[in-house]
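Shown next, in structure tokens, is the structure this report addresses.
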Amino acid sequence: MTAGQLFLESLSSGVITQAEIDWLLSQQDCLTRAEQAAMQRLGRLLDQGQIQLG
């Protein structure tokens with residue numbers, strides 16, 4: 001799975017797992033600027049409650 005796929009899956013389902021977050025954090029050094037921006041948006045959506053941790 002790529003960061004982009006994870007982002008789209010989380011947006012469509014409204015859920016992200018702790019394992020997926022852990023994977024994203026472990027891949028942080030390898031992400032492109034676009035992927036980093038998408039992950040920041042994902043974090044904001046989590047903070048706002050639009051995406052749930054599950």
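Against the condition part of a helix (DSSP H, G or I) and exposed (fewer than 10 other Cβ atoms within 10 Å of the Cβ), how does ALA19 come out, does it pass?
Spelling it out, ALA19 is indeed part of a helix (DSSP H, G or I) and exposed (fewer than 10 other Cβ atoms within 10 Å of the Cβ).
For MET1, only one of the following conditions fails: (1) in a helix (DSSP H, G or I); (2) over 9 Å from the mean Cα position of the chain (by Cα). What is its number?
Only one criterion is unmet by MET1, namely (1).
From the list LEU42, LEU25, which one is exposed (fewer than 12 other Cβ atoms within 10 Å of the Cβ) and within 10 Å of the chain's Cα centre (by Cα)?
LEU25
Six or more apart or on different chains, Cβ under 6 Å: which pairs go from a residue in the stretch 36-54 that's among the small types (Gly, Ala, Ser) to one that's not in a helix (DSSP H, G or I)? Could you list them?
Cβ pairs passing all conditions: GLY54/VAL15.
The numbers here are math on the coordinates, done by the rules we state, and not lab data. What you see is a predicted model, and the numbers here were worked out from it, not measured in a lab. We place every Cβ from the backbone using ideal geometry, glycine too, and count neighbours over all the protein chains shown.
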